[in-house]
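For reference, the structure is listed below as structure tokens.
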């Protein structure tokens, strides 16, 4: 069996943080992934290639073995319901927080709390751990508008600097999770390509630790 490794990664902050780590391992894409329209990129190591995939799909591609390895935000992994993945390494890149946020000067909420988020599973579990039932409204973007326009009382979303929250009159109420990007590995590939994957993880851990 070939020991070629395919690594699934998404453009943006995660790719920008991952490329310098790869470079320290002597692995560089043959084309600039920020400008190339190609979704499959060969690298300076003939046994390693990158595939550019939407962040929310990384775990699916890796679990189904289309890519042996992937780089996924912890927020994505917390929502993912599959069990065909290992998560051996926190890369410490694309750091942010998942927070519960609401209006700065909010009146007391009567009735069941309405929470807008795209993180349905995580939000339900977090409130459930507190013994609270809430109405969850699924949104995919512009989360900050939900409390402003009265769709929801609170939101659960990722924040970095918090400027967008403040600009819309919202403040963090609680931190649900510290988020960073993780290396994930297909469980079957870990067995079948152990001789290639294990050294890669060890080398990557070395540059992350440094």
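Compared with the alpha-carbon gap, the fully stretched path from residue 113 to residue 175 is longer by 20.6 nm at 0.36 nm per residue.
For the pair region 158-183 / region 1-61, the C-alpha centres are spaced 27 Å from each other.
With the convex hull drawn over the C-alpha atoms of region 104-154, the volume per residue is 83 Å³.
Can you check what the Kirkwood hydrodynamic radius comes to for region 148-210, Cα pairs only, in Å to one decimal? Please report the intermediate quantities before stating the final value.
Details: mean 1/r = 0.0635 Å⁻¹.
Taking the inverse mean of 1/r over all distinct Cα pairs, region 148-210 comes out at 15.8 Å.
By the Kirkwood approach, averaging reciprocal distances over each pair of separate Cα atoms, region 58-142 gets a hydrodynamic radius of 15.3 Å.
Entry note, the chain: the mean residue ellipticity at 222 nm calculated from DSSP H runs of n ≥ 4, each adding -39500 (n - 2.57), is -8500 deg cm²/dmol after division by the residues and rounding to the nearest 500. In the chain, the longest principal axis of the Cα atoms and the axis of helix 13-24 are about 30 degrees apart.
What percent do you get for the relative contact order of the chain when only Cα pairs under 8 Å and 6+ apart count? After rounding, I find 28 percent. The angle between the Cα long axis of helix 120-129 and the main principal axis of the chain comes to about 60°, on a 0 to 90 degree scale. Computed from the Cβ-Cβ distance with R0 of 45 Å, the FRET efficiency linking residue 187 to residue 151 stands at 0.70.
Using bins of 10 Å that start at zero, the share of Cα-Cα pairs per bin across region 90-210 amounts to 12, 35, 23, 17, 11, 2, in whole %.
For the chain, the longest principal axis of the alpha carbon atoms and the long axis of helix 194-209 meet at an angle near 60°. Checking [x] 70; [y] 58; [z] 47 against percent of Cα pairs over 24 Å apart calculated from these atoms, the matching label is [z].
Only the coordinates and a few stated rules stand behind these numbers; no lab work does. Predicted model, so just to flag it, every value in this text is computed and none were measured. Cβ atoms come from the backbone with ideal geometry, glycine included; neighbour counts cover every protein chain shown.
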